[in-house]
Amino acid sequence: MKRCTDIKQSRMLANIFGIENADMCYSIPYEEGDKPLLEQGGFGSTPCWSLTALLDIIPQEIFDGEYIINITEGSDNKWVLTYDHYENRNHSYYGLSTGANNLVDACYNMILKLHERNLLCCDYMG
């Protein structure tokens, strides 16, 4: 199970948010297979985000509560994130659905979509 963002994802999130809300890091120089450190490092490290940190970034609701996040494990062990209408679960917000083989990647993909649409809380923006 993937437990945090990889280097490429981490660099993208650092460009969006800065590093203040990263809760882990990779030491530099980085080699494939290195495990991230549990605490954010200082000089010579690359921040990364745990699944918990990613879930904290994703808003539970958008458009004043009209749509709420729905996280499910779909077919073929793929994780699906979508914003569903609070009254009608069969009506999802078009364009804000994503999936991946693991929950970290699915959350990362959703964060990128939310960022593109300016739907992320300003508290996380760097």
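Residue-by-condition table, conditions (1) modelled with pLDDT under 85; (2) crowded, with 18+ Cβ neighbours inside 10 Å; (3) under 18 Å from the mean Cα position of the chain (by Cα); (4) among the charged types (D, E, K, R):
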{"site": "5", "(1), (2), (3), (4)": "no, yes, yes, no"}
{"site": "11", "(1), (2), (3), (4)": "no, no, yes, yes"}
{"site": "34", "(1), (2), (3), (4)": "yes, no, no, yes"}
{"site": "42", "(1), (2), (3), (4)": "yes, no, no, no"}
{"site": "48", "(1), (2), (3), (4)": "no, yes, yes, no"}
{"site": "61", "(1), (2), (3), (4)": "no, no, yes, yes"}
{"site": "81", "(1), (2), (3), (4)": "no, yes, yes, no"}
{"site": "100", "(1), (2), (3), (4)": "no, no, yes, no"}
Worksheet item: How about segment 46-71: which of its residues are under 18 Å from residue 13 (Cβ atoms) and touching a Cys at 6+ places or on another chain (Cβ under 9 Å)?
Response: 46, 47, 48, 49, 50, 51, 53, 54, 55, 57, 58, 59
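The values are calculated or read from the model by the stated rules, or taken from the named source; none is laboratory data. Please read all numbers here as calculations on a predicted model, not as lab measurements. Positions of Cβ are backbone-derived with ideal geometry, glycine not excepted, and every protein chain shown enters the neighbour counts.
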